[in-house]
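Here the structure is laid out as structure tokens; the discussion comes afterwards.
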Amino acid sequence: AASSTASTTMNSARGAAKKALQEVLDLLKASQKPDSSVQRNVYQKFEELRTHSEFNQCLAYIFANGSRVDNNTRRQAGLILRGNLADSKVYINMPANVRSQVKETILRSIGDSQKQIRKTVGSILATIAALEECDGWQSLLMMLVQNLDNPNSNVQDGAMLVLEALLEDCRADLEKRYPKDMQRIIAKLVTKVVS
């Protein structure tokens, strides 16, 4: 009986998550309609939802799961997510597991076939890194450097775009926290750009 109750609870949670995801997707699509009153209503709803962790998780999921959503909607989800996360109160108030999940979800799109999506990945991750003052980002930096040599040119480009965004927004924090790693990263980037 206990496993039956647990299974029912999990199915119920999955159903609620699917419903929330569909609602966010519907809002994103409605925001693209030319009707200004519809757009105004949708953006008002976005404002109401921006502090809700589930909304930001949905945005990250929509952004990262490109095969199911058109690129304009994906990019819009990413940009709204970035704007939400840029508000330190929104990010800090997210549970740690949600912050981690959002980062991991966004990072999955580093090698996306669309350059605008890869650029948005860099922008989102740089926003998060700045909020975290790059604390705990050493393994991510090393993964990005390794991806500069990935056989997939989209992954290479994505890694380069994320590193560029991080250096643009967080260079001082990165150099302070990881001085030796940053020397290697900059040397690698120079080598990559020159070759």
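Would you call Gln101 in a helix (DSSP H, G or I), modelled with pLDDT of 90 or more, open to solvent by 60 Å² or more (accessible area, probe 1.4 Å) and out of contact with any His (no Cβ under 8 Å at 6 or more places or on another chain)?
Working: in a helix (DSSP H, G or I): yes; modelled with pLDDT of 90 or more: yes; open to solvent by 60 Å² or more (accessible area, probe 1.4 Å): yes; out of contact with any His (no Cβ under 8 Å at 6 or more places or on another chain): yes.
Yes.
With respect to the stated conditions, Asp169 is among the charged types (D, E, K, R) and open to solvent by 80 Å² or more (accessible area, probe 1.4 Å). Considered as a group, the residues in the range 26-68 that are buried (at least 18 other Cβ atoms within 10 Å of the Cβ) and among the β-branched types (Val, Ile, Thr) include one that is nearest to Val98 (Cα to Cα), and that residue is Ile62. Counting only helices (runs of 4 or more DSSP H) wholly contained in the range 34-90, the ones carrying 2 or more residues that are among the acidic types (Asp, Glu) occupy 36-49. Assess whether Ile124 counts as being in contact (Cβ under 8 Å) with a residue 24 or more places away in the chain and closer than 27 Å to Arg50 by Cα. Considered against the rule, which asks whether it is in contact (Cβ under 8 Å) with a residue 24 or more places away in the chain and closer than 27 Å to Arg50 by Cα, Ile124 comes out as yes.
Out of everything in the range 55-108 that is hydroxyl-bearing (Ser, Thr, Tyr) and closer than 16 Å to Lys119 by Cα, what residue ends up being farthest from the chain's Cα centre (by Cα)?
Of the residues in the range 55-108, the ones hydroxyl-bearing (Ser, Thr, Tyr) are 61, 67, 73, 88, 91, 100, 105.
Subset that is closer than 16 Å to Lys119 by Cα: 73, 105.
Values: Thr73: 14, Thr105: 6 Å.
Taking the candidates together, the pick is Thr73.
The set of residues in the range 136-161 that are in a loop (DSSP other than H, G, I, E, B), in contact with a helix residue (DSSP H, G or I) (Cβ under 7 Å, 6 or more places away or on another chain) and either hydrophobic (A, V, I, L, M, F, W, C) or at pLDDT below 90 (or both) comprises Trp137, Leu148. Count of the range 162-183 residues, restricted to those that are among the β-branched types (Val, Ile, Thr) and not in a helix (DSSP H, G or I), is 0.
Can you tell me which of Ala20, Ala2 is surrounded by 14 or more Cβ atoms within 10 Å (Cβ to Cβ), more than 30 Å from Asn147 (Cα to Cα) and at pLDDT below 90?
Numbers: Ala2 fails: surrounded by 14 or more Cβ atoms within 10 Å (Cβ to Cβ).
Just one listed residue meets the conditions, Ala20.
When Ser123, Ser113 are checked against the criterion of being under 20 Å from Ser153 (Cα atoms), open to solvent by less than 40 Å² (accessible area, probe 1.4 Å) and in contact with a Gly (Cβ under 9 Å, 6 or more places away or on another chain), a single residue qualifies: Ser123. Please verify whether Leu125 is within 11 Å of the chain's Cα centre (by Cα) and not in a loop (DSSP other than H, G, I, E, B), treating the condition exactly as stated. Yes, satisfied.
The values are calculated or read from the model by the stated rules, or taken from the named source; none is laboratory data. As the structure is a computational prediction, the values presented were derived from the model and not from experiment. Note: ideal-geometry Cβ built from the backbone for every residue, glycine included; neighbour counts use all protein chains shown. Areas reflect the complete protein model, heavy atoms only, side chains present, ligands, DNA and RNA absent. Shrake-Rupley method; radii C 1.70, N 1.55, O 1.52, S 1.80 Å.
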